[in-house]
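The values are calculated or read from the model by the stated rules, or taken from the named source; none is laboratory data. The structure displayed is predicted, hence computed values, not measured ones. Every residue, glycine as well, gets a Cβ built from its backbone with ideal geometry; the counts of neighbours run over all protein chains shown.
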Amino acid sequence: MSLFDSTTIVEFMRNNIVKCGVANPEGRLISDRGTVKIRPIEAMGNIGGKPLGKVYWFEFVNAADASDDLLEIYWAPYFGNDAAPPTILGNDSNFMFTAVMSGCSFGVGSSPGNGVVGVSHANAMNSGDKSNTGLEGDAAMSQQKNVQQHMLYSKDVSQRVISYDAYMKVDGALDLGMQSTTFGVHELNQSWSFYTLKYKYLGGGSYVHFGVERQISGVV
C-alpha cells in the first residue's frame, strides 16, 4: 500500500520539509533515470512557524526491498555543472522527485497527453551567481533554457522551466540561502503538475518553510 496519493503527498509537503539527497545505499550518486524506491526518514530539526512539522530526508533503498513503508518514485538525476539527460516520466509511478535545487533549473518538455513527459534538472548557477559557462543572472538562465529546450525537444520549453528566481526570492529579493525540493505529481494516464517546496536552513537544526507552490501544470 502506497504511503501517499496525489493529494496527500502535496499536503505532506506543505506541512513538512523533505530534503532530497543524491546517494544510493552504497553511497554512490543516483544518476540512473527512472523509478527508484525511497523511504522517508525523520531527521533532526525544527521548522519555524510549523510546530507540528518535521524534517525528513529520503533514503534510497535496494530495488528488491518490499517493505510497506516505501514509496516508488521517478528520480530525475542531477549532474554537477551540467544538464542531466532527460528523464521520461510515465505511468510507473504517480510521483517524481529530483535532487535539492539551490540555483539550478528544472525543465519540462511536451507531452502526448497520456501521462508521459520528459524532464531535466540543469545547473543554472555556480559559485553563488554564475553558471558553469561564467554567465551571470538572466544570461545564465537564458543559456540554461536554451540547453533544456534542445534536450527536451520542445519548441516552448521556455514556458516550462522552473528557474532559480521561482524559488530563491523572498519579498522580491534574491536570497542565496533558499532551496527547493522540486517534485511532480499526477494520476495515471493524466498530465503532470510540478511543485516547489521552498525552505531555508538557518543553522543549528532550524529551518523555515516558505510554502509549496505549483509552478507548472497540465503539460501538453
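Inside the stretch 159-176, can you point out the residues that are loosely packed, with under 13 Cβ neighbours inside 10 Å, small (Gly, Ala, Ser) and either in contact with a Gly (Cβ under 9 Å, 6 or more places away or on another chain) or part of a loop (DSSP other than H, G, I, E, B) (or both)? Of everything in the stretch 159-176, just one residue is loosely packed, with under 13 Cβ neighbours inside 10 Å, small (Gly, Ala, Ser) and either in contact with a Gly (Cβ under 9 Å, 6 or more places away or on another chain) or part of a loop (DSSP other than H, G, I, E, B) (or both), namely Gly172. Scanning the stretch 36-53 for residues that are in contact with a strand residue (DSSP E or B) (Cβ under 7 Å, 6 or more places away or on another chain) and without any contact (Cβ under 8 Å) to a residue 60 or more places away in the chain yields Val36, Lys37, Ile38, Arg39, Pro40, Ile41, Glu42, Ala43.
Can you tell me which residue within the stretch 179-220, out of those that are assigned to a strand (DSSP E or B), of a type in the set (A, V, I, L, M, F, W, C) and touching a Gly at 6+ places or on another chain (Cβ under 9 Å), is surrounded by the fewest Cβ atoms within 10 Å (Cβ to Cβ)? Selected residue: Leu202.
If you scan the stretch 26-42, which residues turn out to be among the hydroxyl-bearing types (Ser, Thr, Tyr) and at pLDDT 60 or above? Spell out how you get there, then give the answer.
Taking the stretch 26-42 and keeping what is among the hydroxyl-bearing types (Ser, Thr, Tyr), we get 31, 35.
Scanning the stretch 26-42 gives a single hit, Thr35.
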